Amino acid sequence: MTSTRRPTPPLFSQLDVSSATRPQPALSARDEQTELLREMLASQDRTNELLEDLASTLAATQKQRANELNQWRQAHPALATACREAAEALTRVQIDYLDRMTEEINDTSDDMVEGDFMLNEFIDRYGPRLAHLNGVIQVLAQLSSVPNPANSHG
C-alpha cells in the first residue's frame, strides 16, 4: 500500500493584533469625569423612562380594575349594598376580636417572651383567623365601595 502523506497544517499561525485604527488619546481626569457624568445622566434618563412606563402601566391596570368594579356594582346594586352592610358588621366583629386578642397579649406577653410554645399557641390561635377575616372584609369593602368620580371617568 502506498500512502500519500499530506502536509499537516502548522499548529500556530500568525495573527495580526495591531490596531487598524488609531488609539484614542488618553482623556484628562476632568474629561474622564465629564464623560462618566454624561453616562450616568443617560442611565438615569433611561431609568426615569422605565419608571414612567411602569407607572402608566400600573395606572392603566388600576383604572381597568376600577371600571370593572363599577360595572359589577351597577349590575348588582342590591348585592353591593349587602356587601357594604356585611363589611360593616364584620368590622364590628373584627374590633371585638382585636380587643380580645390584645387583652390576651397583655396578659401573657411575659410567657410568650420566655417560651416559644406560648407564642406559637397564640399565633396558631389568632393568626389565621385574623388574616382570613381581614381578607373577607377587604373583598366586601371593595365590592361595596362607592367609586371615586375622579377615577371613574376617563
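Each reported figure results from applying straightforward, stated rules to the coordinates on display, with no laboratory input. Owing to the predicted nature of the structure, the values given are computational and were not obtained by experimental measurement. In this analysis, Cβ positions are derived from the backbone assuming ideal geometry, glycine residues included, and neighbour counts consider all displayed protein chains.
Projecting the Cα atoms of CYS83, TYR97, MET118 onto the charge dipole of the range 38-152, computed from C-beta unit charges around the Cα centre, puts CYS83 farthest toward the positive end. Positive end of the dipole of the range 36-76 (Cβ unit charges, origin at the Cα centre): among MET40, ALA55, ALA66, the Cα lying farthest that way belongs to ALA66.
Prolate is the label for the range 67-150, because the ratio a/c of its alpha-carbon gyration tensor axes (a ≥ b ≥ c) is 1.5 or higher and a/b is greater than b/c. Normalised by the number of residues in the range 38-152, the mean separation of alpha-carbon contacts (under 8 Å, six or more apart) gives a relative contact order of 46 percent. Here the peptides 135-143, 92-100, 63-71 are ranked by packing, the mean other Cβ count within 10 Å, and the order with the highest first is 135-143, 63-71, 92-100.
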